[in-house]
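As structure tokens, the structure follows; a few thoughts come after it.
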Amino acid sequence: MDSVNQKFLEIFNDLEHKYDELTTYLESVEVMSDNKLYAHYLKQRKAIAELVLSFKKYKQIEKDIIDFEELSKIETDTETKQQLAQSIEDNRCQLKELFEKLKELYAESKDKQNQKVKVEI
């Protein structure tokens with residue numbers, strides 16, 4: 001994977017960490033009792049939710065590919081090996097498409113942030 005895509009993965013991991021952190025805040029009694037703070041954290045989490053949930057799906061597909069590859073190494077039945085190979089290929093295609101979607105979602109979120117900055121100025 002090239003360095004640009006690796007950088008995107010780092011960004012997505014950071015956003016996932018932020019999302020999980022915001023979820024923890026939203027579940028705390030202190031934040032739940034403060035409506036303004038709760039709304040603030042909820043708004044932040046909502047802004048990255050689609051991206052993070054898509055990234056979690058991306059990571060699951062990656063895990064599935066690894067699992068299929070491991071099964072393929074130990075499988076002796078030819079038909080099953082072919083099915084596993086097809087599943088690996090299908091998941092790799094799905095992974096590429098999802099990665100492109102993630103980059104688009106990230107770009108859209110950045111555009112929205114820039115629009116807010118312009119309005120605030």
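Brief remarks follow.
- Condition check for residue 6: among the polar types (S, T, N, Q), open to solvent by 70 Å² or more (accessible area, probe 1.4 Å) and in a helix (DSSP H, G or I): yes
- Selected residue [open to solvent by 70 Å² or more (accessible area, probe 1.4 Å) and either at pLDDT below 95 or not in a helix (DSSP H, G or I) (or both)] from 57, 73: 73
The values are calculated or read from the model by the stated rules, or taken from the named source; none is laboratory data. Worth saying up front: this structure is predicted, and the values here are computed from it rather than measured. Side chains included, ligands, DNA and RNA excluded: accessible areas come from the protein's heavy atoms. Shrake-Rupley method; radii C 1.70, N 1.55, O 1.52, S 1.80 Å.
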